[in-house]
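In what follows, a structure is listed as structure tokens, so that the remarks can point back to it.
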Amino acid sequence: MNTVDVMYPRSMPLGTPDRIEVSRVMPQRGLAMIGGWCVLDHFGPDAAPLRMACHPHTCLQTVTWLFDGEIRHRDALGSDELVHPGEVAIMTAGWGTTHTEYSTPGPLHGVQLWTALPNNVRFNQPGFEYFATEPVRMGDHEVAVFVGEFGDSDSPVQVYSPLCAAEIRFTTADPLEVEIPENWEFGVLADSGTVQVDDTEVPAGALGYLAPGRRRLRLQAHANAGEIVRAVVIGGEPLGEDLIVWWAFVGHSHQEIAAWRANWQMAIGAEQDGDNPGNFPLTPRTDNEPELTAPPLPPVRLRPRH
């Protein structure tokens, strides 16, 4: 049987003025992607309020999924949605767009993910989708599929490579077994409690990685009495493209990233004069908070990772 690699997150500042930090589960050394999934951030159960002023994205999809709290998503396309637990918000950046994300007062707990758009669609028109899931019972457990197909449930939101994502709430100590595509790779994030993936225990906050080559996924919860054990499963067919993930951009070369950064800096530098020479449309402000500034490029050339 294939082994399960346990990957541990690191604390990651998001680059906001108040230095909000999340647990960056992926990418990390040794794990750049899972299928088309290229970023996985985990926050909560009592995360600091999220205040992400206007910022750009390219060649990716952002996926917001909450366990507790609310996040208001607004973007340059005119979308304005208050996202609640059980609802997925997915923004396709395509050639380039911008958005803001502000949480409401109270606890905040959930995950945010990015998918890398394949080369043949990465410059598509931007778009936004919002979908309220209907959890289903799988065995003794509750499963909410918010991207793709997992087990006997699915989500209608559009993705551009073979992908899935689901939240699992374990209600008993009985295992959950699901058939999976043999050529896919998977990650299991243990949100609360310990989740056993096949024969490997994945502690809360860590990720169990499963390489392609298996036909069934077996999960089991280890928890104290009355404790909620939750996991997020993501999976996909390996994308097979070399990518650079830097700040808010997904690209194929250092030149692309540098050009997008320059365009963004031009866009926000000229915004005070009512002009926007960069190719990023700005999300309308609802307060006086300025757009996020891109960090400096590193002193060495960015290299794609496979």
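Label segment 21-140 by shape, choosing from rounded, prolate and oblate, from the square roots a ≥ b ≥ c of the eigenvalues of the Cα gyration tensor; if a/c is under 1.5 it is rounded, and otherwise prolate applies when a/b is larger than b/c, oblate when it is not. Let's see the in-between values first.
Values: a/c = 1.38, a/b = 1.18, b/c = 1.17.
Rounded shape, in that the Cα axes give a/c under 1.5.
Taking a probe of 1.4 Å, how large is the accessible area per residue of segment 162-248, in Å²? Display every interim value, and only then the final one.
Values: 3320 Å² over 87 residues.
For segment 162-248, the per-residue accessible area is 38 Å².
When you count, for each residue, the other Cβ atoms within 10 Å and take the mean per peptide, how do 24-34, 212-222 rank with the highest first?
Details: 24-34: 17.9, 212-222: 16.2.
Listed from highest to lowest mean packing, they are 24-34, 212-222.
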Per-residue ellipticity at 222 nm attributable to helices in the chain (runs of n ≥ 4 DSSP H, -39500 (n - 2.57) apiece, nearest 500 deg cm²/dmol) works out to -2000 deg cm²/dmol
In degrees rounded to 10, the 0-90 angle between helix 254-270 Cα long axis and the longest Cα principal axis of the chain is 60
Most packed first (mean Cβ within 10 Å per residue), the peptides 122-129, 36-43 order as 36-43, 122-129
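With +1 assigned to the C-beta of every Lys and Arg and -1 to the C-beta of every Asp and Glu, and no other charges, what is the dipole magnitude of the chain about the Cα centre in debye, to the nearest 20?
Values: 20 positive and 40 negative charges, 197 e Å.
It comes to approximately 940 debye.
Kindly give Rg over Rh for segment 141-182, based on alpha-carbon atoms, with the Kirkwood expression for the hydrodynamic radius. Mind showing how you got there, number by number?
Values: Rg = 11.3 Å, Rh = 11.3 Å.
That ratio equals 1.00.
So, for segment 1-146, what is the accessible surface per residue at a probe of 1.4 Å, expressed in square angstrom?
Details: 5700 Å² over 146 residues.
For segment 1-146, the per-residue accessible area is 39 Å².
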With all protein chains in place and a 1.4 Å probe, Tyr130 shows an accessible area in Å² (nearest 10) of 80
Heavy-atom accessible area of segment 1-136 with neighbours in place, 1.4 angstrom probe: carbon+sulfur share in percent works out to 51
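Cα gyration tensor of segment 180-294, axes a ≥ b ≥ c as square roots of the eigenvalues: rounded (a/c below 1.5), prolate (a/b > b/c) or oblate?
Values: a/c = 4.29, a/b = 1.98, b/c = 2.16.
Oblate is the answer for segment 180-294, as a/c is 1.5 or above yet b/c matches or exceeds a/b.
Put Trp184, Trp95, Trp65, Trp247 in order of accessible area, largest first, 1.4 Å probe: what do you get? Please report the intermediate quantities before stating the final value.
Values: Trp184 35, Trp95 85, Trp65 0, Trp247 65 Å².
Solvent-accessible surface, decreasing: Trp95, Trp247, Trp184, Trp65.
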So, with points 7 Å from each Cα along the Cβ direction, the Thr286-Asp174 label distance in nm works out to 4.3
Of segment 167-204, those with amide N under 16 Å from the point 7 Å along the Cα→Cβ vector of Ala211 are 182-187
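I need the shape label for segment 92-170. Rule: rounded when a/c is under 1.5, else prolate if a/b > b/c, else oblate, with a, b, c from the alpha carbon gyration tensor. Before the final figure, lay out the partial values.
Working: a/c = 2.75, a/b = 1.35, b/c = 2.04.
Oblate.
The values are calculated or read from the model by the stated rules, or taken from the named source; none is laboratory data. Treat the numbers as computed from the prediction; the structure is a model and nothing was measured. With ideal geometry, Cβ positions are generated from the backbone for all residues, glycine too; neighbour counts draw on all protein chains shown. Each accessible area value is taken on the protein alone, full model and side chains, heavy atoms only, with ligands, DNA and RNA left out. Shrake-Rupley method; radii C 1.70, N 1.55, O 1.52, S 1.80 Å.
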